[in-house]
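Reading through the structure tokens given below for one structure.
Nothing in this text is a laboratory measurement; each read-out follows from the coordinates by a stated rule. Predicted, not measured: the structure shown is a model, and the values here were computed from it. Here Cβ is always computed from backbone atoms with ideal geometry, including for glycine, and neighbour counts include all displayed protein chains.
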Amino acid sequence: MRIGIVGAGHIGGTAAKLFARAGHRVALANSRGPTSLAPLVASLGPNVQAASPADAVTFGEAVLLAIPWRNKEQLPPSELFAGKIVIDAMNPYSALGRVMDLGESTSSEEVAKRLRGARLVKAFNTIGWKTLENGGQSSEEDQLAIFVAADDAAAKETVAALIREIGFAPVDTGSLREGGRRQQPGSRLYGRPMTSRQAEDILGKSSAKDKR
Ligand SMILES: NC(=O)c1ccc[n+]([C@@H]2O[C@H](COP(=O)([O-])OP(=O)(O)OC[C@H]3O[C@@H](n4cnc5c(N)ncnc54)[C@H](OP(=O)(O)O)[C@@H]3O)[C@@H](O)[C@H]2O)c1
């Protein structure tokens with residue numbers, strides 16, 4: 001698959017390494033331009049190339065967003081994302097590191113409003129980058145969960161397949177709204193490495209609680 005990644009820091013750079021290792025071609029972008037990415041890209045091997053954000057989006061059949069959520073208005077024009085699977089790894093922190101109050105909305109719904117026409121999947125939000133870098137396992141029983149939420153079932157399944165390929169267990173949290181809420185900072189899933197069995201236990205309990 002061709003994967004564009006906007007944001008080449010902890011999460012974007014780590015995902016580039018893992019996707020490239022799994023045999024995908026990756027175009028990686030940051031805010032300072034492709035030249036600034038030359039050393040990183042050279043270290044990641046021939047499957048990874050540096051690009052501008054717009055070129056990375058154009059390149060990708062799927063596009064991973066891994067920039068600060070508060071910078072989302074700086075993303076390339078929404079037309080470039082139309083019809084593409086867009087993986088939103090961003091969490092809504094202010095520049096001071098506080099979780100932003102979005103009222104009834106959730107951060108990925110706000111991204112979906114900005115990128116109308118994109119097939120949005122929320123994933124890679126709750127896992128720390130070091131766990132992502134080192135936590136992949138081949139034994140399914142031991143695999144750590146990476147959560148996925150989306151309204152587009154086919155896009156969600158494509159992202160789930162990518163997650164399996166890099167040694168993690170995709171766990172479905174539901175729709176962009178309800179599943180997205182379950183993945184937000186402060187939730188029981190956030191920032192706690194867990195197997196898919198542990199995750200499903202928590203999700204089962206929390207959905208039973210939701211129904212009460
Ligand atoms: N760190 C984690 O463990 C973790 C885990 C899950 C989710 N997340 C989420 O993932 C996102 C990235 O976090 P991170 O820790 O990877 O951040 P980071 O290490 O600070 O990297 C941020 C990257 O975004 C780029 N960037 C910023 N504004 C941009 C723009 N307008 N256009 C293109 N690129 C831009 C930066 O490029 P320059 O350096 O050139 O400015 C940098 O490559 C955040 O939303 C965070 O909440 C992080």
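How large is the Rg to Rh ratio of the chain when both quantities use alpha carbon positions and Rh follows Kirkwood? Before the final figure, lay out each step's value.
Values: Rg = 16.2 Å, Rh = 17.1 Å.
Result for the chain is an Rg/Rh of 0.95.
So if I place +1 on the C-beta of Lys and Arg and -1 on the C-beta of Asp and Glu, and nothing else carries charge, what would the dipole magnitude of the chain be about its Cα centre? I want it in debye, nearest 20. Spell out each step's value before the answer.
Details: 27 positive and 22 negative charges, 74 e Å.
Its charge dipole is roughly 360 debye.
Using helices alone, what [θ] at 222 nm do you get for the chain, with -39,500 (n - 2.57) per DSSP H run of 4 or more residues, divided over all residues and rounded to the nearest 500?
Values: 8 runs with 74 residues, N = 212.
That comes out to -10000 deg cm²/dmol.
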